[in-house]
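S.K.: Shown below is the structure under consideration.
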Amino acid sequence: MPAPEAVVFDAYGTLLDVNAAMAAHAARLGDRWAALSAEWRAKQLEYTWVRSLTGAAHHEDFWLCTRDALEFVFARHKISDPRLAKDLMEAYRTLPAYPEVPAMLATVRAQGIATAILSNGTPGMLADAVAAAGIAPLIDEILSVEEVGVFKPDPRVYRLATRQFGCPPDRLVFVSGNAWDVQAAHAFNMSVVRVDRSGGPDEYGLAAAEVTVLPDLSGLPDLLA
């Protein structure tokens, strides 16, 4: 692909390890921690989609959706531990980056390509996350859905990136670990790359659309070169 104006990354599940919060407290959760983490993530996303589909009056920011999702998971599994819930929420606010992310971002910027985050996260969440992950100096722009008051995959979210960089969507590369997010950006006419760390099956016809899939982000700079 030609060198883009910028590479725009999803944050949660792409640059940041969303399972790290429960992994950090696995000793308190037991063997079920990974299943609980997956359920927390699924419910969190469900809440964003439902709130977007039911209209602006029902919008609730990503921090509150994350809290509500955790409360649901705890209630469903009959976990009554307010201190643990508080610790998990604090851990979610400071998720680590995946190991290859800092070097990858540094290399992309050294290639003269701007880097950005386009995320469901609130501005405060994202500021805390990139600082805790040590990648703040490697990100040129941080764009939050709170600017438009609706979550991904609404097209208004992806339009934030084209507005920020003053270019058509096909001059941006959007990178996400979420297949539905890649599909939405592709439909918006962005160049897209899917990161599939788990080796899952094709979704949304992305393979037929010849969307590039990487097992992690270490190969992205070569793809852009």
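The values are calculated or read from the model by the stated rules, or taken from the named source; none is laboratory data. Keep in mind that what you see is a predicted model, and the values were worked out from it rather than measured. Here the Cβ positions follow ideal geometry from the backbone for every residue, glycine too, while neighbour counts run over all protein chains shown. What goes into the accessible areas is simple: the full protein's heavy atoms, side chains included, and nothing from ligands, DNA or RNA. Shrake-Rupley method; radii C 1.70, N 1.55, O 1.52, S 1.80 Å.
S.K.: Among the candidates 132, 136, which residue alone is open to solvent by 50 Å² or more (accessible area, probe 1.4 Å), aliphatic (A, V, I, L, M) and over 26 Å from residue 46 (Cα atoms)?
M.R.: None of the other options fit; the residue is 132.
S.K.: While we're here: Wholly within segment 17-105, which helices (runs of 4 or more DSSP H) include no fewer than the required count, namely at least 2 residues that are farther than 29 Å from residue 137 by Cβ and not aliphatic (A, V, I, L, M)?
M.R.: The helices (runs of 4 or more DSSP H) meeting that bar are 33-53, 62-76, 82-93.
S.K.: How many residues, within segment 139-159, are crowded, with 19+ Cβ neighbours inside 10 Å and among the acidic types (Asp, Glu)?
M.R.: Qualifying residue count, segment 139-159: 1.
S.K.: Can you work out which of the residues in segment 123-141 that are closer than 17 Å to residue 96 by Cα and not in a helix (DSSP H, G or I) is farthest from the chain's Cα centre (by Cα)?
M.R.: Within segment 123-141, the match that is farthest from the chain's Cα centre (by Cα) is 134.
S.K.: Residue pairs, Cβ under 9 Å, 6 or more apart or interchain, first in segment 108-133 and more than 30 Å from residue 50 (Cβ to Cβ), second of a type in the set (D, E, K, R) and part of a helix (DSSP H, G or I). List them.
M.R.: 115/109
S.K.: Follow-up question, since we're still on this one. If a residue must be buried (at least 21 other Cβ atoms within 10 Å of the Cβ) and among the charged types (D, E, K, R), how many such residues does segment 160-208 contain?
M.R.: Selection size over segment 160-208: 2.
S.K.: Here's something else I'd like to know. Would you confirm whether or not segment 186-199 contains a residue that is of a type in the set (Phe, Trp, Tyr), closer than 11 Å to residue 10 by Cβ and in contact with a Pro (Cβ under 8 Å, 6 or more places away or on another chain)?
M.R.: Within segment 186-199, none of the residues are of a type in the set (Phe, Trp, Tyr), closer than 11 Å to residue 10 by Cβ and in contact with a Pro (Cβ under 8 Å, 6 or more places away or on another chain).
S.K.: If we keep just the residues of segment 76-112 that are open to solvent by 10 Å² or more (accessible area, probe 1.4 Å) and of a type in the set (A, V, I, L, M), which is farthest from residue 215 (Cα to Cα)?
M.R.: By that ranking, first place goes to 79.
S.K.: Under 16 Å from the mean Cα position of the chain (by Cα), in contact (Cβ under 8 Å) with a residue 60 or more places away in the chain and under 22 Å from residue 41 (Cα atoms) - does that describe any residue in segment 157-174?
M.R.: Yes: segment 157-174 contains one or more residues that are under 16 Å from the mean Cα position of the chain (by Cα), in contact (Cβ under 8 Å) with a residue 60 or more places away in the chain and under 22 Å from residue 41 (Cα atoms).
S.K.: Take segment 10-47 and flag every residue that is open to solvent by 20 Å² or more (accessible area, probe 1.4 Å) and among the hydroxyl-bearing types (Ser, Thr, Tyr).
M.R.: Selection gives 47 alone.
S.K.: Further, regarding this structure: Any residue in segment 194-209 that is under 17 Å from residue 19 (Cα atoms) sitting within a Cβ distance under 7 Å of a residue that is among the small types (Gly, Ala, Ser) and exposed (fewer than 10 other Cβ atoms within 10 Å of the Cβ)? List the pairs, counting only those 6 or more apart or interchain.
M.R.: none
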